[in-house]
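Read-outs: derived from the displayed coordinates by stated rules, not from any lab. This one's a predicted model, so the numbers in the text were calculated from it and none came from an experiment. Note that we place each Cβ from the backbone using ideal geometry, even for glycine, and neighbour counts take in every protein chain shown.
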Amino acid sequence: MQRNSWSTFLFPPIKWLLISCTVGYLFVATANVGTPATVNPLHVLIVGGGPDKENNQVAIESNVRYVGRLLPPGTVHTTLFADGNPRHATVLYDEDMRALAPARQLLTLLLSGREGAADASHYRPPNLGLSLDGAARLAPINNAFTQLAHDTASNSFPVLLYFTGHGSPDDADKENNKFDLWDGEHKGEALSVRQLAQQVARLPANVPVTLVMVQCFAGSFGNLLFEGGDPQGQPIKRDLAGFFATVKDHMAAGCTSAVNEAEYHDFTSYFFAALTGRDRMGRAITGADYNHDGRVGMDEAYCYTLSHDVTIDIPVCTSDVFLRRWVKGADTKIFQIPYSDVQAWATPAQRAALEALSRQLHLSGDGRLDEAYRNLSDMPSSVAMDKLRRGAIYQRNLHTIQHFDALRLKGRRALLRQWPALRTPGTKSYTSVENKALAALTRQIKAGRWQDLLSTAGSLDKAVESMESQEAAESYLVRFVRLCKSVVLAHNLQEHGDPALQARFNHLVELEGQTLLSPATSTPR
């Protein structure tokens, strides 16, 4: 179970710059195609929080608050978060190092070295913007589904489930991956694909379901299309559509302890910004209405995310899962198809995403499917790629890392010789000299004394940014290849498939094309 980016280990002194981990979301909403989501009131269950304090990053709390702001008036909701106590300091956040005075940044760097950001970490009680009704644990989740089943027994009101936290792979069966629950490592609690399938099955059969899950390894939850969450099972007898941040064997981006929400990049940020026309900072987002019908469907928001998300995410939707289960085709033949054919078969949203990804990958011409597929085939596995990238970047920056370490050690020694009390943070003696040290460092920075150390730290920052760009480029390639295959499989199904499968697939596409939430009307921040 990996919850922190490998950059933490490669460049520990600047770990506040990049923290990749897992964030998950789950939605159940209206299945009335073309009907605004506000026609029927939503019943909402939100489950959030890391499995422990150290992995309950502020971004998880932010996502609960963000989605809560998007809920239509009159929504009935239950929120289960962390340990369920609104007074406990369970939310991890880091000071924004760039927002601190230069002398404060330098002092943290000198005293704490490669773990400087960790020493700038703090905990506080949750600020969700919603009432907190219990812990993110199995028993409260079970009780919440009992209540949802009761509340929707006499109607077909849509139910919205939202899960945000961390995900873990099931090493024995990656089709049954897990959403991590609070204190799970000690209590052994987690919510697997098949456990969630059992909970969803308790809802009345006429209650429509839409899932949006964005934790690591989330793709296996697409198996909720099938009875019991079993990928070999029969299709379930209810309306269900879903969107997932990444495939079943890949990590996702988005969970960070950094406090600057303007810099959050993850599936949820792009998907819901496109869907509602406002990002989490309240800024207007346009261009996602690809079919120009005056609204943004979830399929359009999904394709917007495919082409705009600048992270390692490799999004998946339920129609992808359906096609790969029921429509067979050899990749060697699929990727020999001319791009112009694929472009003609694609929906307007898919076509826009294919064009945008082609530009990002510098692909052109009718043979771009074959080129992309060959490039992808030449790439090592994601695990091997991480090791190769980590080793290559470390070696490329080894001299810089060693130079930084030497400069920091020399500066720290000089600092502690002048103010020995700085060795003991949190004590009265530390407090008595801290301001004097900060004043002296301010003067020294202005005089240029620390320029070499600060510029070296900046070089390491740029190395991390370069790694992020490389990761994004690799994810763009996988997204392009997967989207092309989905378009081809859908065309083959329509041309040669069983009529019953065609009808089921067309209905699923309609469900994915719904408008999940009404456009945002206010600037929240």
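For Ile46, the amide hydrogen comes within under 5 Å of the amide hydrogens of Thr78, Thr79, Leu80, Tyr162, counting only partners 5 or more places away or on other chains and with H modelled in the peptide plane.
Most tightly packed first, judged by the mean number of other beta-carbon atoms within 10 Å of their residues, the peptides 423-433, 407-417, 350-360, 62-72 read 62-72, 350-360, 407-417, 423-433.
Placing a label point 7 Å from the Cα of Leu100 along the Cα-to-Cβ direction, the residues of segment 440-457 whose backbone N falls under 14 Å from that point are 441-442. What the phi angles of segment 147-164 give under the Karplus curve with 6.51, -1.76 and 1.60, with θ = phi - 60°, is a coupling list of 5, 4, 4, 5, 5, 9, 5, 9, 8, 10, 4, x, 10, 10, 10, 10, 10, 9 Hz, glycine and proline written as x.
Straight-distance candidates among the aspartates and glutamates for linking to Lys178, with alpha-carbon spacing under 15 Å and chain neighbours fewer than 8 residues away dropped: Asp170, Glu189, Asp230, Asp249.
Shown in residue order for segment 47-57 are the 3J(HN,Hα) couplings computed by the Karplus curve 6.51 cos²θ - 1.76 cosθ + 1.60 at θ = phi - 60°: 10, x, x, x, x, 7, 4, 5, 10, 9, 5 Hz (x for Gly and Pro).
When you restrict to C-alpha pairs under 8 Å that are six or more residues apart and normalise by the size of segment 256-307, the relative contact order lands at 33 percent.
Residues whose amide H comes within less than 5 Å of that of Lys178, counting only those at least five positions distant or on another chain, are Ser168, Asp170 (H built at 1.01 Å from N in the peptide plane).
Along segment 339-353 the Karplus relation, 6.51 cos²θ - 1.76 cosθ + 1.60 evaluated at θ = phi - 60°, assigns HN-Hα couplings of 4, 4, 5, 4, 4, 5, 7, 6, 6, x, 5, 5, 4, 5, 5 Hz to successive residues, with x for each Gly and Pro.
In what sequence, highest mean first, do 154-166, 362-374 appear when ranked by Cβ atoms within 10 angstrom?
Numbers: 154-166: 24.0, 362-374: 15.9.
Ranked from most to least packed, the peptides come out as 154-166, 362-374.
Straight-line cross-link reach from Lys333 at under 17 Å between alpha-carbon atoms covers these aspartates and glutamates, not counting any fewer than eight positions away in the same chain: Asp341, Asp366, Asp370, Glu371, Glu495.
Scoring 496-502, 299-305, 483-489, 83-89 by mean Cβ neighbours within 10 Å over their residues and listing the highest first yields 299-305, 483-489, 83-89, 496-502.
Listed by chain and number, the lysines whose alpha-carbon sits under 16 Å from that of Lys428, ignoring those within fewer than 8 places in the same chain, are Lys436. Taking amide H as placed 1.01 Å from N in the peptide plane, Leu211 has its amide H under 5 Å from the amide H of Phe27, Ala241, Gly242, Phe243, each at least 5 places away in sequence or on another chain.
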